[in-house]
Amino acid sequence: MSAPAPGTTRTVVHLLRHGEVHNPRGVLYGRRDGFHLSTRGLAMADKVAEALGHRDIVHLRASPLERVQETIAPLAAARGLAVRTDERVIESGNVFEGERFGNGHNALKDPRTWRHLYNPWRPSWGEPYRLIVGRMMAAIHDARREALGHEAVVVSHQLPIWTTRLHVEGRPFLHLPKNRRCTLCSVTSLHFDDERLVTLTYSEPAADLIPAAERAQAFSSGGTYQAPGEGGR
């Protein structure tokens, strides 16, 4: 990666997706409380701390949902930093929240749900993409200012991170969920010279913990793996 231009300050804001959630019923959990990381998700969070703990990270902020707070905890401990909770990086709103999409269930096969599918460009079933981008970019720039000349980590969710990437790369918002390049505990890094975004990089520090068959899932079910003693987490 090239050095910052003369007279500018390089700051990096890493967008970290949370780890695998324990969700054996295959519920689209959205913004609901009570969904925690699985045992494998906790291992993913530890992997992230190992991968990023040595970096020049001086600022952490995260969605208020449990799975996100649990994902950032090991990195916060490794860096000795407090986590700023930020509602602006929460999961996107979705009318299908609470419906089942895993383990043989698919709410989209119910004709009663089809009235929500008339406009995939907005999208008609959830929070508009442009609103997601607006709140995410505001939080990202706040994190950039807090970490000026260093690095920050913002922990969020797949759709907000992916929508932000489409925006900064100038691509259309319409997409298939299976084509999102934003796996569990992946890191989408935005590199700024002063206020100007100069490049975007992507890495997957927990990739070895994700079975190949699950890499394209739109949300983490956590239903295919439960370690002994995991219980209801």
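The values are calculated or read from the model by the stated rules, or taken from the named source; none is laboratory data. Every value quoted in this text rests on a predicted model; they were computed, and no experiment measured them. Note: ideal-geometry Cβ built from the backbone for every residue, glycine included; neighbour counts use all protein chains shown. Please note that ligands, DNA and RNA were not included when accessible areas were found on the heavy atoms of the full protein model with its side chains. Shrake-Rupley method; radii C 1.70, N 1.55, O 1.52, S 1.80 Å.
A few comments on the model shown:
- Distance in nm between pseudo-label sites at Ala82 and Glu169 (7 Å out along the Cβ direction from Cα): 3.6 nm
- log10 of Debye I(q)/I(0), alpha-carbon scatterers only, for segment 41-84 at 0.20 Å⁻¹: -0.55
- Net charge of Cβ neighbours under 15 Å - reference Pro64; Lys, Arg +1; Asp, Glu -1: +1
- Linear extension gain, Leu131 paired with Ala51, 0.36 nm per residue minus alpha-carbon span: 25.6 nm
- Sparse-neighbour loop sites [trypsin sites (Lys or Arg not before Pro); segment 35-72; at most 12 other C-beta within 10 Å; DSSP]: none
- Accessible surface comparison of His141, His191, probe 1.4 Å, protein chains only, largest first: the order is His141, His191.
- Angstrom value of the Kirkwood radius, inverse mean 1/r, which spans all Cα pairs in segment 120-193: 13.2 Å
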